[in-house]
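First the structure, in the form of structure tokens, and then the observations on it.
The values are calculated or read from the model by the stated rules, or taken from the named source; none is laboratory data. All figures in this text were calculated on a predicted structure; none of them were measured in a lab. Virtual Cβ from ideal backbone geometry, glycine too; neighbours counted across all protein chains shown. What goes into the accessible areas is simple: the full protein's heavy atoms, side chains included, and nothing from ligands, DNA or RNA. Shrake-Rupley method; radii C 1.70, N 1.55, O 1.52, S 1.80 Å.
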Amino acid sequence: MKHTASLVVLLLLICSSNAQIVNYDSLKTVFPKEDAIVLSNDVNIEYMLDDDQQLKAKSTSTEKILVLKNNLSEFQSIEIPFSKFETVNYLSGKIFAINAKGEKKLVENLKIRNAVDKDYYIKNIFYNDLKLKSISTTSEVKERYIIEYSYETIYEDIKFLNTFFPYKHLPTLDFSISATIPKNVSTEIIPVNPPPSMTKSNETVDGNSILSYRIKQLSIPKNTYFQAPYAYVIPHFIIITKSFTDNKKNVIKVIESAKELYEWYSSLIKELSPDKNYLKKLSEEITNGATSNEQKAAAIFNWVKTNISYVAFEDGIAGFKPEEAQTVEKKRFGDCKGMANLLTELLVAQGLDAHHCWIGTNSLPYSYATPSLCVDNHMICALFLNGNTYLLDATGPTNDWNKYPYYIEGKEALIAQGNNYKIFNVPVSNSTENICTLDYTLDITKPEKPLIEGNIKLTGTLLKIYKSVFDGSDIDGKKKFPNRIISNLFNSTIIPLNASATFSEAELLISFKADGLPLVTKNGNTVQITQAEFEYFPLTFLQKSKNTPLFLEFPYTYKINTLISGNAKLLTPVAYSKSNEISVINKKTSVVGNEIKDEFSVQITKPIILEKNFGDWNEIISDYYNQYGIITVSK
């Protein structure tokens, strides 16, 4: 939505000489679909040395949220997550109602002394490291209410002072962040996805550097299909505390590079006490009958993937320190770190060269050039075997031990090497490895009742995705699987009458007959045939005009080979080809005997399409959609 001009006016209204006046009706008009908006969000960061000459930090956050709709349970309480390295204290909290004049009238003074620490659960699994500081309202939060609250977060471990986002899912009229940096502290603040409206100031007060950023009129994109994850889209700030000097003039490094980051990760691994005898015996049982290292790696990987349930968790120290391998095996569940640790220890028990490995999935746009805890959100196992580097991730049901999962392609992996480390660049798969091919014959003998008969082949990551869907279905779901997959793959532009599916190691083959009416339009003596729309290449959606990156997850190739029968004559043969750094598209329509043959293919070589590539992307889309997406024949 384009709110820019209106927001300028509204900000002037809100920030008028009378700061208590809120033009609710105007805001409601500009944001008719929003549940709420953030009027302001301010963050202030301070550093201090404790009595033991350890560097601490404190952030003070103040938020003002205007509620635009009734019956919103999410605003009946305020919850702030924190770990054992942090302390959260509410400083104030109030709820106001906005009257017809735009004046704020106090409804409730939140009793911050009644704030409680709540336990954190995921899938009924209790995590004692993460807590929620919660404060509930006694009043029902309604439309025209403003929630104002402030809280402080004290960072006992300075490494956990790392990332600040605006309120992630609400438009924000005014966001600011400032840091007061003493002379003895070396800190860098990195803006990520800064908008043109961002301003920066830097001043010196009493020898301290005060660095500030401010963003006005911040709209948050709705979470839509193919939208890049928030870290690619929303402006945010990474705080890197590199080092500090204590009172004795000692320079203490915190995180200046990947070296310090690895040293901290490694220190957590060194705290573990794997039961070598127990794990050796277990690994022997798992690899019984395996005669090669490859077979042993496959057996151990598949055993962990099959027998250990994955529970995602990424916060606090539990977001970085694995649970003991033997504990994960006995409980039969674990997060990525626990599963990676178990996998590593079992492989090592069999004499294989396995290592702990940290990585950020492709949902994060960072690299180790930005040394921060925010760079990594996943832990896996690295295996060096026969001159190759394998990255094993047993958390994904479709993953194989000897193939890189698509969600880490193109990323940097930090591999433990004892006191040293290795940064490994994960290769990106070729678009020809992940193929969807649609071969079909379209009979338009009776254009009002066109029939389709054909097959679909899926390979690579596409095969794995849909094999996982099939394996996770009940008996009824498996019966309906072929028809549902066809409808899903082609966005209901092909409506199957009957279909059957066959899996092999190399491909998924679906044979089908379908009603061709959604693809065929008769107009007098001419018939227009629309290209079937592939789920991963929905042309009407993908035209890019805004600065939101496109996230297609992995490279792929999409092919449609169509034979049109039924005494049709091709009006205009087509031979078209175009390529750029993100895609290759080919289209050929010709006459072969008594039939018309249409061959179309598109290769997506860059699955994450950034703003700088929008021109190339739109050129491909426009050419195809406007000129070649429809085949016109005469009858």
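Are any of the residues in the stretch 282-296 touching a Phe, Trp or Tyr at 6+ places or on another chain (Cβ under 8 Å), over 14 Å from GLY338 (Cα atoms) and open to solvent by less than 30 Å² (accessible area, probe 1.4 Å)?
yes
Only one of these is surrounded by fewer than 16 Cβ atoms within 10 Å (Cβ to Cβ) and either under 21 Å from TYR167 (Cα atoms) or touching a His at 6+ places or on another chain (Cβ under 8 Å) (or both): GLU74, GLU34, GLU86. Name it.
Unique residue meeting the criteria: GLU74.
Is it true that some residue in the stretch 255-274 is in contact with a strand residue (DSSP E or B) (Cβ under 7 Å, 6 or more places away or on another chain), assigned to a helix (DSSP H, G or I) and among the acidic types (Asp, Glu)?
Yes; the residues of the stretch 255-274 include at least one that is in contact with a strand residue (DSSP E or B) (Cβ under 7 Å, 6 or more places away or on another chain), assigned to a helix (DSSP H, G or I) and among the acidic types (Asp, Glu).
Quick check: anything in the stretch 365-378 assigned to a strand (DSSP E or B) and at pLDDT below 95?
Yes; the residues of the stretch 365-378 include at least one that is assigned to a strand (DSSP E or B) and at pLDDT below 95.
Out of the residues in the stretch 372-385 meeting the condition of being crowded, with 22+ Cβ neighbours inside 10 Å and closer than 22 Å to LYS305 by Cα, tell me which one is farthest from the chain's Cα centre (by Cα).
Filtering the stretch 372-385 for residues that are crowded, with 22+ Cβ neighbours inside 10 Å and closer than 22 Å to LYS305 by Cα, the one farthest from the chain's Cα centre (by Cα) comes out as LEU383.
Give me a count of the residues in the stretch 444-459 that are over 15 Å from PRO496 (Cα atoms), of a type outside the set (A, V, I, L, M, F, W, C) and at pLDDT 95 or above.
Selection size over the stretch 444-459: 2.
Would it be correct to say that SER590 is exposed (fewer than 15 other Cβ atoms within 10 Å of the Cβ), among the small types (Gly, Ala, Ser) and closer than 28 Å to VAL233 by Cβ?
no
Examine the stretch 494-513 for a residue that is under 26 Å from the mean Cα position of the chain (by Cα) and among the basic types (Lys, Arg), and state whether such a residue exists.
No, the stretch 494-513 contains no residue that is under 26 Å from the mean Cα position of the chain (by Cα) and among the basic types (Lys, Arg).
Which one of the conditions (1) charged (D, E, K, R); (2) surrounded by 15 or more Cβ atoms within 10 Å (Cβ to Cβ); (3) under 35 Å from the mean Cα position of the chain (by Cα) does LYS478 fail to meet, given that it meets all the rest?
Looking at each condition in turn, LYS478 falls short on (2).
Within the stretch 261-279, is even one residue open to solvent by 70 Å² or more (accessible area, probe 1.4 Å) and among the polar types (S, T, N, Q)?
Yes, that holds for at least one residue.
Considering only residues of the stretch 556-569 that are assigned to a strand (DSSP E or B) and open to solvent by less than 30 Å² (accessible area, probe 1.4 Å), which is nearest to ALA228 (Cα to Cα)?
Across the stretch 556-569, the extreme among qualifying residues is TYR556.
Consider the stretch 167-196. How many of its residues are among the polar types (S, T, N, Q) and closer than 16 Å to PRO221 by Cβ?
Number of matching residues: 2.
Results for (1) open to solvent by 30 Å² or more (accessible area, probe 1.4 Å); (2) at pLDDT 95 or above; (3) β-branched (Val, Ile, Thr), shown as yes or no for each residue.
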residue	(1), (2), (3)
ASP157	no, no, no
PRO196	yes, no, no
THR199	yes, yes, yes
ARG214	yes, yes, no
THR224	yes, no, yes
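Working only within the stretch 386-432, note down all residues that are among the acidic types (Asp, Glu) and buried (at least 17 other Cβ atoms within 10 Å of the Cβ).
Those that are among the acidic types (Asp, Glu) and buried (at least 17 other Cβ atoms within 10 Å of the Cβ): ASP393, GLU409, GLU412.
Among GLU595, GLU553, which is the only one that is open to solvent by 10 Å² or more (accessible area, probe 1.4 Å), modelled with pLDDT of 90 or more, of a type in the set (Asp, Glu) and in contact with a strand residue (DSSP E or B) (Cβ under 9 Å, 6 or more places away or on another chain)?
Going through GLU595, GLU553 in turn, the sole match is GLU595.
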